Amino acid sequence: MGSLVSSIPRRVRQRIARELRAQRLIWLAPVAVVWVMMRQPIHLVQRADGVLVAAAIILLIASRPAGSLLIFLGVLPFHTFLFALLFRMGVPLAAVRPLAFWKELIILGLVLIKPS
């Protein structure tokens, strides 16, 4: 076993060791998130969930700008009617109100596109 390790170049061994040290405590991240969430009022946890979902949507839009722009242009003329339909179907205001920011999320995602 010692000969196997010694056959790996020293630079590679140092890089592997450095990466393993950096990842040693990564398993604590979910534990820390749960601990923080349990200590916060529920409305702050819900707000944090919304921020995380919005960030994920923005990153997804930034990674696929052409499709996002097509969705934006195709749905924009009808969004008022779509929200009216959601209200008529009985979707609560607390669920519909955050959906109203879809336009801003798409624009923000398109602004954050990395130039090629």
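No value in this document is a laboratory result; all are computed from the given coordinates. In this text the structure is predicted, and so the values were computed from the model without any measurement. Ideal geometry is used to build each Cβ from the backbone, glycine not excepted, and the neighbour counts take in all protein chains shown.
Listing for the model above:
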read-out	value
Virtual spin-label span in nm between ILE113 and ARG11, 7 Å along Cα→Cβ	3.8
Nearest-ten-degree value, helix 65-75 long axis tilted from longest Cα axis of the chain	20
Computed E for ALA95/LEU59 - FRET, C-beta separation, R0 30 angstrom, nearest 0.05	0.85
Loop sites in the range 1-104: chymotrypsin sites (Phe, Trp or Tyr not before Pro), DSSP, at most 16 other Cβ within 10 Å	TRP27, PHE101
Global geometry of the chain, whether rounded, prolate or oblate, following the gyration tensor of its Cα atoms and the 1.5 cut on a/c	oblate
